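Undergrad: Shown below is the structure under consideration.
Each value in this text was obtained by applying a stated rule to the coordinates, not by laboratory testing. Note that this is a predicted model, so its numbers are computed, not measured. Using ideal geometry, Cβ is built from the backbone for each residue, glycine included, and neighbour counts are taken over all protein chains shown.
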């Protein structure tokens, strides 16, 4: 295993300042967003990389990055990073379990806010393809109305994606994925 990449914790984001390391991390799994490049068309850039807390926590757990903070450059523990993420994200632990599971299965996972869901999921990566899936994370006890399913399905169909509901099982390492496919009559 190679040396972890040094990352600075600033507010609610993580920054990889070294552009060579930024590019390497981005190429490893389309992690983060290159600063000043909204939609990189190719995996070649010379810029710092901004990571959100969800992917930063995942990379810290996998020992790919080492997180530092403040003028004294003190090391940030995994526990502190997770506590900050729990304050930032609603139902963080549920969403993180889905994010981790999808990443562990070699999918590329990005925030899905522009689709009104938790994650946009790619097989190959942004810029290579459009995300084929939009994923919403729900608790097993959540009620989902028929109207919500129809709304999500119509949106997914409009943007040419499959709508998936991810349901982490309580007190288990297991996740259930429900995928919806719409047919035209």
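Undergrad: Between residue 148 and residue 44, what FRET efficiency comes out of the Förster formula 1/(1 + (r/R0)^6) with R0 = 41 Å and r the beta carbon distance, rounded to 0.05?
TA: Efficiency for this residue pair is about 0.50.
Undergrad: Can you work out the PRE-style zone for residue 182? Point 7 Å along Cα to Cβ, and I want the residues of the range 151-168 with backbone N under 11 Å.
TA: Backbone N within reach: 151-163.
Undergrad: Can you tell me the 0 to 90 degree angle between the C-alpha axis of helix 19-29 and the longest principal axis of the chain, rounded to 10?
TA: Roughly 30 degrees, rounded to the nearest 10.
Undergrad: Which whole number in µm²/s is D for the range 75-127 by Stokes-Einstein, with the Kirkwood Rh taken over Cα pairs at 20 °C and 1.002 mPa s?
TA: Diffusion coefficient, whole number: 175 µm²/s.
Undergrad: Once the Cα gyration tensor of the chain is found, what semi-axes does its equivalent ellipsoid get, as square roots of 5 times the eigenvalues, in whole Å, sorted largest first?
TA: The equivalent ellipsoid of the chain has semi-axes of 30, 20, 13 Å.
Undergrad: Here's another thing I want to ask about it. What do you get for the angle between helix 92-104 and the principal long axis of the chain? Use alpha-carbon atoms, 0 to 90 degrees, nearest ten.
TA: Helix 92-104 sits at roughly 80 degrees to that axis.
Undergrad: Express the relative contact order of the range 1-144 as a whole percentage, based on alpha carbon pairs under 8 Å and six or more residues apart in sequence.
TA: 19 percent
Undergrad: A further question follows. Enter the per residue convex hull volume of the range 1-88, computed from alpha-carbon coordinates, in Å³ rounded to the nearest integer.
TA: 99 Å³
Undergrad: Relative contact order for the range 5-46: what percent, with Cα pairs under 8 Å and sequence separation of 6 or more?
TA: Normalised by residue count, the contact order of the range 5-46 is 31 percent.
Undergrad: Only Cα pairs under 8 Å and at least 6 apart count here; give the relative contact order of the range 47-111 as a rounded whole percent.
TA: Worked out over the range 47-111, it gives 23 percent.
Undergrad: Something else now. Full-extension gain between residue 169 and residue 83, please, as 0.36 nm times their residue separation minus the C-alpha to C-alpha distance.
TA: 28.8 nm
Undergrad: Pull out the extension gain between residue 3 and residue 17, defined as 0.36 nm times the separation in residues minus the alpha carbon to alpha carbon distance; nm, one decimal.
TA: Extending this stretch completely gives an extra 3.5 nm.
Undergrad: On the Cα set of the range 91-185, report Rg and Dmax in Å, please.
TA: 13.1, 41
Undergrad: Compute the acute angle (0 to 90°) between the alpha-carbon long axis of helix 146-158 and the principal axis of greatest extent of the alpha-carbon atoms of the chain; round to the nearest 10°.
TA: 70 degrees
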